[in-house]
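So the structure is just underneath, and the comments pick up after that.
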Amino acid sequence: MFSKRILNILLILNLPYFIISAPLTSDDATCPNLSGTNEPLIDYNVVLKTDATNYDSVVKNHFEMLEKCLQRERHNVHELDFSSIKDNNNVIFDFSVKGMIAGYTTKFTKSFVENYLSKLNDVAIVNENKVIEDPFENEVFKQAPFVRRAERLADKMPENFPLDLKYIYPDSAGAGVDVFVVDSGIFLEHEEFQGRQGKTIVEKTFCNNPADDNGHGTNVASLVGGKTLGVASNANIIGVKITGNDCPLTSQNIINGITYVMQQKANDPGRKIVLNLSATSTDSAVGDAASKAVEAGIHFVVGAGNRNLDACGFFPGKVETVVTVTASKITTNQQDWITDWCNWGKCVTLFAPGENVPVAGIGNPSEIKLESGTSLSAPHVSGAIALMLANGDFTPEQSKAELLRIASKDKIQGLKYRPTANVLLRVPSP
């Protein structure tokens, strides 16, 4: 006889009357039936439990169960043209990278997730895929047009801040390193990306429109490797578009962007890759993807966020192996301070310039303007790592340690109630 509790669960899920033993596995022969419920379908991000010994079997069994029971189309997001999808209700968006991460995004009812899916042995994480409101947190500060910095000077970079605005860097300037800017795309026609030794491309979009229609990705890319504004002007800049004016940023698209870069690393394990992300999420699935990206050998840099909150409350900045960057500013008396609005705390790796930073705009091919945000601090660090990788082989752990070794210490003022490592970026110099 069924217990009353089990019977109630079966009725909620509209399951056939069979005994569910705990814990469940996804290769159970009987399919739960979603068709009879009046609950709305909700997007969920699901990460599976896999390791080197069971990856193939877990992925095979779980996806066979999904396809059999849900009768939905399964698509590899890294190869998918998203403009071809007309009905998201009937799609399983598979973001798996063989041997690295297994997971997907699709729609379920809340009851199904709570009472069945989350109890499966092979499910590690299942979180609602939410739209991230104001993803860059109003970090754009409109200013008068800015004049480009002077050409490279030969003077030695000073040990102590404030800086004298002279920039010295290795002759290789990041050559041979691929920096993936996972953001809103890149305005490729901008002068900052013309005549560079490194290539500048938008390689993948998870939106219908590949153009950078809000400018954020262009801002970031110009700091990574722009011709006159960039830290590593010879690095390859590769855009991966995950948001835009008609493409709301979700944790799904952040995961898609991260795993796309992981797939490129899987395709060519020897490739030197830096991933720059300037968005945060509260979805632990984002953190899991970031952690696995670093395990795969990707140098991962993220902006801490701009809410004046503890950075440990957000992913992927909470992930210990990721380089989490918050924003400094130079005051009128030429001192280095923490900004009033940046996130802080023990999850922050270091500071980098983030207020009134000159960046490329999308208004016209020569537009340079001042903007602010930890989104602009992160690409300084991504460029610095590219400089390192161009001249040597570093694991992500080693590049993070080297950043901290050469950084300026105890120069940031104004920390007070915001305890944060007092470490300010210095780029490697010849």
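Observations
- Selection count, the range 226-246, where residues are among the small types (Gly, Ala, Ser), at pLDDT 95 or above and part of a strand (DSSP E or B): 1
- Candidate set from the range 329-371 (those that are at pLDDT below 95 and among the hydroxyl-bearing types (Ser, Thr, Tyr)); member that is surrounded by the fewest Cβ atoms within 10 Å (Cβ to Cβ): Thr332
- Each residue in the range 169-195 was checked for being charged (D, E, K, R), at pLDDT 95 or above and out of contact with any strand residue (DSSP E or B) (no Cβ under 6 Å at 6 or more places or on another chain), and 3 of them qualify.
- Selection count, the range 206-215, where residues are charged (D, E, K, R) and modelled with pLDDT under 95: 1
- Only listed residue being surrounded by 14 or more Cβ atoms within 10 Å (Cβ to Cβ), modelled with pLDDT under 55 and not assigned by TED's automatic domain parsing to the domain that holds Lys411, chosen from Phe146, Phe141: Phe146
- Selection count where residues are part of a loop (DSSP other than H, G, I, E, B) and either in contact (Cβ under 8 Å) with a residue 12 or more places away in the chain or under 21 Å from the mean Cα position of the chain (by Cα) (or both), scope the range 364-392: 6
- Filter result (assigned to a loop (DSSP other than H, G, I, E, B) and among the hydrophobic types (A, V, I, L, M, F, W, C)) within the range 84-116: Ile85, Phe95, Met100, Ala102
- Of the residues examined, Lys227 is not one that is under 17 Å from the mean Cα position of the chain (by Cα) and over 17 Å from Ala279 (Cα atoms).
- The single condition from (1) closer than 22 Å to Ala290 by Cβ; (2) more than 25 Å from the chain's Cα centre (by Cα); (3) of a type in the set (Phe, Trp, Tyr) that Tyr55 fails is (2).
- Scoring Ser278 on the criteria (1) in contact (Cβ under 8 Å) with a residue 40 or more places away in the chain; (2) more than 23 Å from Leu387 (Cα to Cα); (3) of a type outside the set (A, V, I, L, M) leaves a single failure, condition (2).
- Cβ separations smaller than 6 Å between residues 6+ apart or across chains give the following pairs from the range 56-71 residues that are more than 12 Å from Ile92 (Cβ to Cβ) and at pLDDT 90 or above to residues that are hydroxyl-bearing (Ser, Thr, Tyr) and assigned to a loop (DSSP other than H, G, I, E, B): Val58/Thr50; Asn61/Ser26.
- Selection within the range 258-280 - in contact with a Lys or Arg (Cβ under 8 Å, 6 or more places away or on another chain) and small (Gly, Ala, Ser): Ala266
- Unique residue being in contact (Cβ under 8 Å) with a residue 24 or more places away in the chain, polar (S, T, N, Q) and under 29 Å from Asn422 (Cα atoms) when the list is Thr228, Thr243: Thr228
- The residues on offer are Val77, Val97, Val59, and the sole one that is outside the structural domain of Lys204 (by TED's automatic domain parsing) and touching a Phe, Trp or Tyr at 6+ places or on another chain (Cβ under 7 Å) is Val77.
- Every test in (1) farther than 17 Å from Ile273 by Cα; (2) out of contact with any Phe, Trp or Tyr (no Cβ under 6 Å at 6 or more places or on another chain); (3) in contact (Cβ under 8 Å) with a residue 40 or more places away in the chain is passed by Thr218 save one, and that test is (2).
- Consider the range 231-271 and keep the residues that are of a type in the set (Lys, Arg) and closer than 21 Å to Lys98 by Cβ. The one that is surrounded by the fewest Cβ atoms within 10 Å (Cβ to Cβ) is Arg271.
- Conditions (1) in the same structural domain as Asn256 (by TED's automatic domain parsing); (2) among the acidic types (Asp, Glu); (3) modelled with pLDDT under 50: number failed by Glu203: (3)
The values are calculated or read from the model by the stated rules, or taken from the named source; none is laboratory data. Predicted model only: the values in this text are computed from it and were never measured. So basically every Cβ, Gly included, is an ideal-geometry build from the backbone, and we count neighbours across all protein chains shown.
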